[in-house]
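To keep things clear, I will list the structure first and then write my remarks on it.
Nothing in this text is a laboratory measurement; each read-out follows from the coordinates by a stated rule. For clarity, every value in this text was computed on a predicted model and none was experimentally measured. Cβ: placed from backbone, ideal geometry, glycine included. Neighbour counts: every protein chain shown.
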Amino acid sequence: MKAFYRWTRDLHLWLGLFLSPFLVVYAVSTILINHNATPGRDAPEETSGPVLVVVPDEEDRIRLGRDIIAQLGITGELGGVRRMPAQQKIVIPVNVPGKRQVVTVDTTTSLATVATKSPGFLSGLVYLHFAPGQHLVGISGNWFWMRLWHWMADATVYVVLFLTASGVYLWTVLKAERKVGLICLGAGAVSFVVLVCGLLF
Amino acid sequence: MARRGLTYWNRKLHIYLGLYFLLFLWLFAVSGLILNNTHWTFVKSKPVDVRSEEPVTTPAATDDFGMAQDVMRQLDISGEIHAVNRPRPKPPHDLFFSVVRAQYFTFVQVNFDEGVANVRVRKWGFWSGFARLHTVASMSTRGQNMFRDWWMTKVWSVCVDALAIGVLAMLCGGIYMWWQIKPKRRVGIVCLSLGCVSCALFVIGLRALFT
């Protein structure tokens, strides 16, 4: 039992330390999102091009986007690639945390222009918070690094669940903290239930 | 003495904050997991629409938002007004608005001349509603001229801030407690450094590497 306690305590410590920078990312971005802050919104946009590209005969929008941005030497996570036949253009948003590029290809001339905006560090935190998220299902994670982030985001959840469960176990061992701990747990549970029921039903 | 006092209170704060926020942390952790994995079968659910026609009287308010609030009171609908007259109501309707709660949306179209409101309640499955608790505080403010107008989402957004600040406090407190245990410093530094390097790779590294 003592060995189990020691292992749990050590894992709580090591995993907590490893995860702490990720939790800082989520906590800070949560505050930004909660207050509808859009850091770097007014960052200047630079446009480059036009550059001649070969528009491949490709139905799959991700492959189409990948092919075109590779010709332009751009890399990143593709957003929703849009074919706009009426306007005779293809729009390809490309994101790297803290940087956004939009490639617009004129399908009549095969000329591509690139609009680049670098809203910066805090914007990158917000972007990472939303990734992968509930939108762009089947599209998100099309860049290796963002796929890796997706795994990290899921792993963060599993580790948080372990940290909280192990934290509860470590608390139960501390007899002196039981009374106040129970009050805190109870107060948290009551406020949680009231709020969640109010929002749900 | 002062240092011992800090150690003592910091440890208590770490435990108490963790226990108070336990369920909130579980909610945001699990709902975050669901939002990241919307392809999971148990998460997918078809919404169920329930339609009805209700009598309404013309509100005294003249602005769109005030009229929507008045109609909500008449129809006994509560929740966050998500959009008023977006899209514009189709004739013969004079007012359109949607009201958001975590598990269901209510869409209301009103024809004041006939004194009738067409109400459509779209109810989602449990897990969709549960996952929406993750986003409900921010979804009401994403967009122009949008603000939180329901007291529940206002309180919830305060809780979200408190949780984020509480997590930061627990992290700082946890790091301080670890530093007090000298035999654990070496391995701790390795873990913290690994975390910092891997996190920095995404936060600043990718932008630097792929510019």
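Summing +1 for each Lys or Arg and -1 for each Asp or Glu among the other residues whose beta-carbon sits under 14 angstrom from that of A:SER118 gives +2.
When each full DSSP H helix of chain A is screened for a Cα extent of at least 24 Å along its own axis and an average Kyte-Doolittle hydropathy of at least 1.6, the helices passing are A:178-200. Placing unit charges on the Cβ atoms of the charged side chains and taking the dipole of the stretch B:71-209 about its Cα centre, the candidate lying farthest along the positive direction among B:TRP151, B:MET177, B:GLY79 is B:MET177. Per residue of peptide A:157-170, the mean number of Cβ atoms on other chains within 10 Å of the residue Cβ is 4.
Give, rounded to the nearest 20 debye, the magnitude of the charge dipole that the stretch B:104-190 has about its Cα centre when Lys and Arg contribute +1 at Cβ and Asp and Glu contribute -1 at Cβ.
Details: 11 positive and 4 negative charges, 160 e Å.
Around 780 debye, computed over the stretch B:104-190.
Under the definition of Cα pairs under 8 Å and six or more residues apart, what whole-number percent is the relative contact order of chain A?
Details: 235 pairs, mean separation 43.1, N = 201.
This gives 21 percent for chain A.
Quickly rank A:53-63, A:77-87 as a protection proxy: mean count of other C-beta atoms within 10 Å, highest first. Present the calculation step by step, with values, prior to reporting the outcome.
Details: A:53-63: 12.7, A:77-87: 15.5.
So the peptides A:53-63, A:77-87, ranked by packing, come out A:77-87, A:53-63.
Which whole number gives the average count of other chain Cβ atoms within 10 Å of the Cβ atoms across peptide B:11-19? Before the final figure, lay out each step's value.
On the way: counts 2, 5, 0, 2, 9, 9, 2, 10, 15.
Other-chain Cβ atoms within 10 Å of each residue's Cβ, averaged: 6.
Between A:LEU136 and A:GLN88, what FRET efficiency comes out of the Förster formula 1/(1 + (r/R0)^6) with R0 = 25 Å and r the beta carbon distance, rounded to 0.05? The calculated FRET efficiency here is 0.50. Between B:ALA137, B:TYR104, B:GLY125, whose Cα lies farthest towards the positive end of the dipole of the stretch B:41-150 when Lys and Arg beta carbons carry +1 and Asp and Glu beta carbons carry -1, centred on the Cα centre? Farthest towards the positive pole: B:GLY125.
State to the nearest 20 debye the size of the charge dipole of chain B about its Cα centre, where the only charges are +1 on K and R beta carbons and -1 on D and E beta carbons.
Working: 24 positive and 13 negative charges, 375 e Å.
Dipole about the Cα centre, nearest 20: 1800 debye.
Run the reach check for B:LYS44 against lysines, Cα to Cα strictly under 29 Å, same-chain hits fewer than 8 apart removed. What comes back? Here the lysines satisfying the reach criterion relative to B:LYS44 are B:LYS123, B:LYS154. Angle of helix B:22-36 to the longest C-alpha principal axis of chain B, folded into 0 to 90 degrees and rounded to 10: 70°. Using just the helices of chain A, give the 222 nm mean residue ellipticity in deg cm²/dmol: DSSP H runs with n ≥ 4 each add -39,500 (n - 2.57), and the total is spread over all residues, rounded to 500. Roughly -18500 deg cm²/dmol at 222 nm, from the helical runs in chain A.
Of B:ILE77, B:ILE189, B:ILE175, which is the most mobile in a GNM of chain B whose springs link Cα atoms less than 10 angstrom apart? Largest GNM mean-square fluctuation: B:ILE189.
Backbone N atoms of the stretch B:186-211 closer than 19 Å to the 7 Å Cα→Cβ label point of A:GLU46 belong to residues B:204-211. Based on DSSP H segments of at least four residues, each scored -39500 (n - 2.57), chain B has a per-residue ellipticity at 222 nm of -16000 deg cm²/dmol. Partners of B:LYS12 within straight-line reach, counting lysines whose Cα lies under 21 Å from its Cα and excluding those fewer than 8 residues away in the same chain: A:LYS175, A:LYS179, B:LYS182, B:LYS184. Remark: relative contact order (the stretch B:41-150) = 30 percent; criterion is Cα-Cα distance under 8 angstrom and separation of 6 or more residues. A simple charge model with +1 on the Cβ of Lys and Arg, -1 on the Cβ of Asp and Glu and nothing else charged puts the dipole of chain A at about 860 debye relative to its Cα centre.
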